[in-house]
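Have a look at the structure below before the remarks.
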Amino acid sequence: MANPEPAAPLLIKRYASRRLYNTETSDYVTLEDIAGFIRDGREVKIVDLKTGDDLTRQYLLQIIAEHESRGESVLPVDVLTDLVRSYTTQAQSVVPQFLAASFEMLREGQSKMMERMTEMSNPMSRMPGFDQLQRQQQAFLKAMMGGWGSGTSGPEAETQTDSKAPPPADGDMEEIRRQLAALQKRISKL
């Protein structure tokens with residue numbers, strides 16, 4: 001499966017008055033609006049209307065400076081000091097690649113951590129036959145709640161109202177009990 005093509009950057013034009021104009025929504029935006037677009041995962045490109053110069057870097061640095069000055073510090077002083085040094089030394093050629101690689105590793109790490117947390121939140125979902133068991137449990141709950149009417153709430157009530165199927169026959173209930181017992185044995189072996 002091919003990766004979807006990334007969306008074109010949101011084009012922001014800076015007028016001579018220094019106002020920033022969102023070309024997609026045809027309205028003026030602030031630096032905080034632009035920071036919000038970026039936090040939402042959108043790429044942004046800011047250009048000077050008259051000259052066509054790309055001002056994106058300048059405005060991104062301004063957004064960072066404003067957040068740092070408000071006490072929302074993300075960059076420790078030693079990192080900022082090293083950045084300033086990198087502009088005056090031979091390290092200038094290495095620092096951009098290092099920073100890009102570091103942030104890529106951070107993004108990948110966050111992504112993997114979210115995947116693991118999702119897996120850990122329901123470890124049984126990886127067990128073979130889990131979907132079938134879940135359907136059977138819903139049928140069992142539906143059968144057990146069948147006589148209780150509309151006073152139920154939560155997932156049981158949803159499964160009860162999902163279909164108007166008759167409650168399972170005694171043979172079906174016995175099969176559900178047998179499969180539930182087999183599942184309990186499997187779980188106890190884990």
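Where a number appears in this text, it was derived from the coordinates with a stated rule and is not lab data. Everything numeric in this text was worked out from a predicted model, so none of it was measured. Cβ: placed from backbone, ideal geometry, glycine included. Neighbour counts: every protein chain shown.
To the nearest 0.05, how large is the calculated FRET efficiency for Arg39 and Thr88 if R₀ is 41 Å and r is the Cβ-Cβ distance?
Approximately 0.80, to the nearest 0.05.
Could you list the GluC sites (Glu not before Pro) in the stretch 53-91 that lie in coil according to DSSP, counting only those with at most 14 other Cβ atoms within 10 Å of their Cβ?
Listed in order of number, the matching sites are Glu72.
What does the highest-first list of 26-33, 101-108 look like by mean Cβ count within 10 Å?
Values: 26-33: 12.4, 101-108: 10.0.
Top of the packing list down: 26-33, 101-108.
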